[in-house]
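What follows is a single structure, written as structure tokens, with notes after it.
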Amino acid sequence: MQPSEKALVPFVSVDNMMRLVHHVGLEKMITQIAARIEADFKRWESFDKTPRIPAHSPHGVIELMPTSDGEAYGFKYVNGHPKNTSEGLQTVTAFGLLADVYTGYPTLLTEMTMLTALRTAATSALVGSYLAPKSSSVMAMIGNGAQSEFQCLAFKAMCGIKTVRLYDTDPNATKKCAANLLGSGLTIVQCKTPEDAIEGADIITTCTADKKNATILTDNMVGPGVHINAIGGDCPGKTELHRDILLRSDIFVEYPEQTRVEGEIQALENDHPVTEMWQVMTGQANGRRDDRQITLFDSVGFAIEDFSALCYIKSAIEGTDFYVALDMLADPDDPRDLFGMLMRAG
């Protein structure tokens, strides 16, 4: 029994996602995803918003990230298990789904391990284009794991970064990142200490995975005028920055109700002032005001960014062979006769 067209849902596998990236071009695709995120942030008030729904365990966290703009519904399933690397597994894996609000039918199913790396980098660089010093040319990349190359290339494409200074507690991670960025057009400097990495940096990106209140940056390491892109803290009890850095910075967030629980600002009082990035993008709030201001993007990842990435993929695969049609939905001739459909298939 052949499935009907109504039963089929486009599915983008990891292999097809990688083919799509190479077809579009990595930096171009990051830039295009960023444009979709920016457009959706500028209509922020049209979305349903809720902090992600976590299931914590001693091993890590599994989360659902849902949102809807009233026409499409999207969610991402994602985990965070820092111990996985030592077992030869990814720290983060993910998949996502889009659905039509009118019918409730899914319209896209896709891997999101690769796509999350792309959308995270796109979000970081998009925010950097608003907050980083306009003359930025050097970025410190502290934490050289799975996200690091995407971050470096996103900031190159969107913020004009020319040099990246790499540091990780594991020298092999730094070597990996440096090797992967060869030929990218970036000048690569491998550093032995975080202090060395931030020397001369206009932008400091921290992306470490340990699920603990760590101090990757201490207060004396951060001078005036820098932009800090803090993306490693993303759940309760997991931070990267000394509290005093937060007190000296103007802090920008995605969704305060989520960031106050998961981000760097979990170390501060609940009424500590923060600015929402959608307000900066719509001109309702100021971003960078002067050359000495320390701006901090306390990034934890929010569902609207994933929604944007899903919508981008749905559009990008139209008319291509970068997906397969999955027989996901039962479609009986009579919508009330699901049992009859089952019996006729015997």
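The values are calculated or read from the model by the stated rules, or taken from the named source; none is laboratory data. Model, not experiment: these values are computed from the prediction. Ideal geometry is used to build each Cβ from the backbone, glycine not excepted, and the neighbour counts take in all protein chains shown.
Structure above, values below:
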item	result
Checking LEU126 against (1) in the same structural domain as GLN284 (by TED's automatic domain parsing); (2) in contact with a His (Cβ under 8 Å, 6 or more places away or on another chain), the condition it does not meet	(2)
Residue within region 181-190 that is surrounded by fewer than 16 Cβ atoms within 10 Å (Cβ to Cβ), of a type in the set (Val, Ile, Thr) and free of Cβ contacts under 8 Å to residues at least 60 places away in the same chain present	yes
Failed item in (1) within 19 Å of the chain's Cα centre (by Cα); (2) more than 26 Å from GLY232 (Cβ to Cβ); (3) among the aliphatic types (A, V, I, L, M), with VAL324 passing the rest	(1)
Which numbered condition GLY287 misses (of (1) of a type outside the set (Val, Ile, Thr); (2) over 30 Å from VAL61 (Cα atoms); (3) part of a helix (DSSP H, G or I))	(3)
Condition met for THR239 (among the polar types (S, T, N, Q), modelled with pLDDT of 95 or more and buried (at least 19 other Cβ atoms within 10 Å of the Cβ))	no
The one condition in (1) farther than 30 Å from ARG248 by Cα; (2) of a type in the set (Phe, Trp, Tyr); (3) not in a loop (DSSP other than H, G, I, E, B) that PHE322 fails to fulfil	(3)
Only listed residue being surrounded by 14 or more Cβ atoms within 10 Å (Cβ to Cβ), assigned by TED's automatic domain parsing to the domain that holds TYR323 and either under 25 Å from SER129 (Cβ atoms) or of a type in the set (Ser, Thr, Tyr) (or both), chosen from VAL61, VAL92, VAL9	VAL92
Pair list, Cβ < 8 Å and 6+ apart or interchain, from region 165-179 residues that are surrounded by fewer than 18 Cβ atoms within 10 Å (Cβ to Cβ) to residues that are among the hydrophobic types (A, V, I, L, M, F, W, C)	none
Criterion: over 27 Å from HIS81 (Cα atoms), of a type outside the set (Val, Ile, Thr) and either crowded, with 18+ Cβ neighbours inside 10 Å or modelled with pLDDT under 95 (or both) - qualifying residue of GLY143, GLY232, GLY223	GLY223
Residue check, ALA121 buried (at least 18 other Cβ atoms within 10 Å of the Cβ), touching a helix residue (DSSP H, G or I) at 6+ places or on another chain (Cβ under 8 Å) and not aromatic (Phe, Trp, Tyr)	yes
Strands (runs of 3 or more DSSP E) fully within region 47-158 counting 1 or more residues that are of a type in the set (Val, Ile, Thr) and under 17 Å from the mean Cα position of the chain (by Cα)	53-57, 60-68, 72-80, 106-111, 138-142
Checklist (1) in a loop (DSSP other than H, G, I, E, B); (2) touching a strand residue (DSSP E or B) at 6+ places or on another chain (Cβ under 9 Å); (3) surrounded by fewer than 18 Cβ atoms within 10 Å (Cβ to Cβ) applied to ARG336, failing item	(2)
